[in-house]
1. Could you rank the peptides 524-535, 220-231 by their average count of other C-beta atoms within 10 Å per residue, with the highest value first?
2. At a Cα cut-off below 24 Å, give the lysines reachable from LYS329, other chains included and same-chain residues fewer than 8 away excluded.
3. List the lysines whose Cα sits under 22 Å from the Cα of LYS541, skipping any in the same chain fewer than 8 residues away.
4. In whole angstrom, how long is each semi-axis of the equivalent ellipsoid of the chain, when you take the square root of 5 times every eigenvalue of its Cα gyration tensor and sort them from largest down?
5. Give the shape of segment 98-227 as rounded, prolate or oblate, defined through the alpha-carbon gyration tensor: a ≥ b ≥ c are the square roots of its eigenvalues, a/c under 1.5 means rounded, and otherwise the shape is prolate if a/b is larger than b/c and oblate if not.
6. Treat segment 324-388 as a sphere of radius equal to its Kirkwood radius over Cα pairs and apply Stokes-Einstein at 25 °C in a medium of 0.890 mPa s; give the translational diffusion coefficient in µm²/s, rounded to a whole number.
7. What does the highest-first list of 358-366, 411-419 look like by mean Cβ count within 10 Å?
8. Which of the peptides 288-298, 424-434, 468-478 is most tightly packed, and how do the rest follow, going by the mean number of other Cβ atoms within 10 Å of each residue?
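The values are calculated or read from the model by the stated rules, or taken from the named source; none is laboratory data. Everything quoted here is computed from the prediction, not taken from an experiment. FYI the Cβ positions are ideal-geometry reconstructions off the backbone, even for glycines, and counts take in every protein chain you see. Note: accessible area is taken over every heavy atom of the protein model, side chains too, but ligands, DNA and RNA are not part of it. Shrake-Rupley method; radii C 1.70, N 1.55, O 1.52, S 1.80 Å.
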Amino acid sequence: MILVWKAHRGAGSAFRLAALAVTMSALAITGAAAAPTAKEADASPALTMPKPAPDVVTRISERPLRVEDVASAKRFVSQHATHIRGKDIKYRAVAGETYITNLYGEPTASIFSFSYLVDAPASRDRPVMFVFNGGPGSSSFWLHMGVVGPRRVVLDREINPSNLPPFGYQDNDLSPLDVADLVFVDPVGTGFSHAVGNAKASDFYGVEEDADANARFIEAWLTEHGRWNSKKFLMGESYGGTRAAVMPRALMGGPFFGGTLRGITIDGIVMVSPSLSPTLAPDTSAMATALDLPTLAVTAWYHGRVARDGRSAGQFYEDVKRFGATDYKDALERLAKGQLSAAGKSAVAARLAALTGVAADEWERRDLRLPVGEFRKLLLGKQGLEAGAYDSRYTMPLANSGRDPVADDPAMGKYSPGFVAAFHQMLRNELGVSMPIPYNFITWADVNFGWRWNRPAGGPDATPVRDLAMAMRRTEGMRLMVASGLYDFVTTPADAEHDLAGGNLPRDRVFLRNYESGHMLYLGDTAEAFANDVRALIENKLR
């Protein structure tokens with residue numbers, strides 16, 4: 001899940017900080033030879049280095065805190081069996097706390113995770129996938145219960161389910177547990193995870209601080225379970241896409257990210273409905289507006305408001321995407337410059353009406369721009385319905401909305417209660433988890449609202465796609481799968497593709513997959529297709 005809206009694009013440029021020149025001490029750390037002259041330093045862009053990322057609790061107190069000084073980590077271990085792709089699988093579930101420490105060995109946080117480990121002779125060499133959701137501020141329960149974990153939520157309907165109990169869960173025969181062990185990670189401030197010792201929770205609420213903390217968790221997990229020789233994968237949904245992009249750098253480590261060498265490389269990343277350019281300011285450029293158009297159009301296609309002409313949802317989406325990137329974008333730019341004639345404007349408005357089901361005069365009156373929120377109300381307004389932002393196949397009545405972007409969203413308002421209830425049932429009845437604090441499914445108050453988007457260690461050009469490019473340069477075998485839902489207004493497929501296209505990524509190792517679903521792209525009869533693609537990536541069979 002993402003809580004910073006997709007329409008807020010361009011975070012990479014919004015928070016760029018000037019890089020700091022290398023000091024004598026930094027040169028000594030990196031093993032450089034003699035310090036350059038001032039003239040040489042000024043002339044060499046390679047000598048402009050980012051600021052080292054701060055270590056949480058960087059100063060040892062008068063009485064340094066040790067891991068032994070905090071309460072013993074809670075662990076809940078249970079044995080289970082399931083059936084996946086024709087195979088009976090026995091596995092161990094380990095739910096519990098892992099303490100991470102700073103560079104001085106002081107504990108700074110307890111990170112709660114759910115590990116599913118298959119009982120097999122070669123289990124120590126099995127691939128392992130670390131799974132995160134987004135927000136920032138969301139726990140991992142969406143992917144845990146939606147499609148990846150060995151148990152899956154049961155809703156009464158795939159689309160527009162009831163949000164009243166009874167709810168339940170069942171064996172998930174789509175889980176990739178048959179090909180990889182699974183670790184669902186709840187970052188600090190989510191789930192049961194929290195700061196400890198001299199650290200504050202807010203110390204972890206930033207792009208780089210979050211990535212570093214989760215890298216420390218993975219390092220500790222690999223050591224505890226003896227899995228350093230396993231193939232390693234990351235899966236991140238929504239803001240988790242940003243997290244998964246930044247983490248390879250934190251996992252490798254270095255003088256400017258983490259301050260230490262971890263030497264952990266990643267075989268593959270799965271980004272689910274990724275947020276690759278989040279920001280706090282709306283992007284109203286012609287390009288950003290054009291990137292919204294395919295989702296407007298395919299939503300109208302789904303609800304029967306446009307002529308399909310024998311085209312599937314995917315074909316219709318691609319056709320509109322081409323029009324949006326060319327004629328529509330050009331018309332918006334010419335209109336802004338006063339160069340689009342009245343006849344030209346009317347012609348484009350008529351074409352937009354045919355593609356979106358919204359009358360041409362509405363498009364003309366709004367200068368060919370229709371904000372997503374208004375479109376979702378206009379499209380089905382005569383029926384008294386509003387389409388969802390997280391999944392535009394879902395609807396709720398227009399009347400009496402509280403306008404909460406999550407609770408009153410037609411999609412989130414319907415499937416969230418089932419996910420939450422099923423997860424609580426599984427915690428109690430199957431995993432035997434009992435904690436003295438509530439499980440935080442999504443936290444806005446401190447985590448999301450207080451998130452630091454600046455990237456001091458990333459340097460002036462830091463963006464998630466730039467981080468991906470560096471990681472794929474460093475690790476030639478690393479593969480990337482980007483999965484998006486056609487009916488997702490929060491992080492659209494066109495947005496993700498546009499962001500990735502500017503990153504100079506190796507095309508033969510990047511796989512784009514679009515599904516006829518929404519932000520939770522495994523809901524609505526698409527879970528099997530997505531799960532098969534994830535399995536193929538792990539087995540290096542994705543084409």
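1. Numbers: 524-535: 18.8, 220-231: 15.3.
Highest to lowest by the protection proxy: 524-535, 220-231.
2. LYS6, LYS321, LYS337, LYS345, LYS377
3. Answer for LYS541, where 22 Å is the Cα cut-off: LYS87, LYS231, LYS232, listed by chain and number.
4. Values: eigenvalues 298, 194, 87 Å².
The equivalent ellipsoid of the chain has semi-axes of 39, 31, 21 Å.
5. Numbers: a/c = 2.81, a/b = 1.35, b/c = 2.09.
Oblate shape, in that a/c is at least 1.5 and b/c is the bigger or equal ratio.
6. Working: Rh = 12.3 Å.
D = 199 µm²/s.
7. Values: 358-366: 15.8, 411-419: 22.7.
In decreasing order of mean packing, 358-366, 411-419 become 411-419, 358-366.
8. Numbers: 288-298: 24.5, 424-434: 15.3, 468-478: 16.8.
Top of the packing list down: 288-298, 468-478, 424-434.
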